[in-house]
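The values are calculated or read from the model by the stated rules, or taken from the named source; none is laboratory data. Only a predicted model underlies this, so the values are computations on that prediction, with no experimental measurement involved. Here the Cβ positions follow ideal geometry from the backbone for every residue, glycine too, while neighbour counts run over all protein chains shown.
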Amino acid sequence: MQTVRAFIAAPLEGPVFDKIVHLQQELAATVPSVRWVRPETMHLTLAFLGDITEESLEKIASSMLSIGDIFAPVNVNVGGLGAFPSLKRPRVLWLGLHGADTLLKLQAAVAAMLHKLEVNWDDKPFKPHLTLGRFRQHVAAAERRLEPFLDKRCGRLSISRLVLYESRLTAQGAIHLPRGEAPLNA
């Protein structure tokens, strides 16, 4: 049975997206050895599905529409630089999302849908963030280099749709192909 690598996410759009890209460019000039997320692939992941069958992909795409019918667009504040596992030993550089109670409810609805469909997925605890880049190697004094950016704010982001993406890994990076979409229009 053929499978595809997939995830459910909210694409980033509007003036806040432009500010995020600008911040990423500022960081690139200051912090070496980071593989930056390409702006055209930047998104807010709500559920990473991994390898799933085409049949499951179709069920998820149609079930997402019911989530869109019960949620209005979600607004969150974007800002506050952080890193996984920590700023002292950063591997993933991210921007935080704040005021995200409705976003947490939206992600919980996505999780409930996946459980109902009996789809196996990576159901780690959801920590709302936008990945900006991944460190290729240890960077000396990374925390000091990142310090001027820790409190940067980018504004209020409106999440108006969910997209089911197929992710194809290539030598040039991942290519994300939309396979289903659900506008948030309650």
So, first residue without any contact (Cβ under 8 Å) to a residue 60 or more places away in the chain and surrounded by fewer than 18 Cβ atoms within 10 Å (Cβ to Cβ) in region 42-63, second residue assigned to a strand (DSSP E or B) and of a type in the set (D, E, K, R), Cβ within less than 7 Å, six or more apart or across chains; the pairs are 51/5
Considering only region 73-85, I want to know if a residue exists there that is polar (S, T, N, Q), under 25 Å from residue 49 (Cβ atoms) and either touching a residue at least 24 places away in the same chain (Cβ under 8 Å) or buried (at least 16 other Cβ atoms within 10 Å of the Cβ) (or both). no
All-but-one check, residue 143 against (1) over 30 Å from residue 58 (Cα atoms); (2) surrounded by fewer than 16 Cβ atoms within 10 Å (Cβ to Cβ); (3) at pLDDT 95 or above, failing number (3)
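Working carefully through the options 31, 21, find the one that is surrounded by 13 or more Cβ atoms within 10 Å (Cβ to Cβ), within 17 Å of the chain's Cα centre (by Cα) and under 23 Å from residue 98 (Cβ atoms).
The unique qualifying residue is 21.
Is there a residue in region 16-27 that is under 15 Å from residue 167 (Cβ atoms), touching a Phe, Trp or Tyr at 6+ places or on another chain (Cβ under 8 Å), of a type outside the set (Ser, Thr, Tyr) and touching a residue at least 12 places away in the same chain (Cβ under 8 Å)? Break it down into steps so the answer makes sense when it comes.
Step one: list which residues in region 16-27 are under 15 Å from residue 167 (Cβ atoms), which gives none.
Looking for residues that are under 15 Å from residue 167 (Cβ atoms), touching a Phe, Trp or Tyr at 6+ places or on another chain (Cβ under 8 Å), of a type outside the set (Ser, Thr, Tyr) and touching a residue at least 12 places away in the same chain (Cβ under 8 Å), one finds none in region 16-27, hence no.
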Can you name the residue in region 121-140 that is more than 30 Å from residue 55 (Cα to Cα) and surrounded by 15 or more Cβ atoms within 10 Å (Cβ to Cβ) and is also nearest to the chain's Cα centre (by Cα) among such residues? 132
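Could you tell me which residue of region 146-168 is surrounded by the fewest Cβ atoms within 10 Å (Cβ to Cβ), considering only residues that are under 20 Å from residue 91 (Cα atoms) and of a type in the set (A, V, I, L, M, F, W, C)?
Residue satisfying both the conditions and the ranking: 150.
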Within region 86-96, take every residue that is touching a strand residue (DSSP E or B) at 6+ places or on another chain (Cβ under 6 Å) and of a type in the set (A, V, I, L, M, F, W, C) and give me the one that is surrounded by the fewest Cβ atoms within 10 Å (Cβ to Cβ). 92
Residue by residue through region 97-120, note down the ones that are more than 19 Å from residue 7 (Cα to Cα) and either surrounded by fewer than 17 Cβ atoms within 10 Å (Cβ to Cβ) or acidic (Asp, Glu) (or both). 98, 99, 101, 102
Does region 144-162 include one or more residues that are of a type in the set (A, V, I, L, M), farther than 20 Å from residue 47 by Cα and in a helix (DSSP H, G or I)? yes
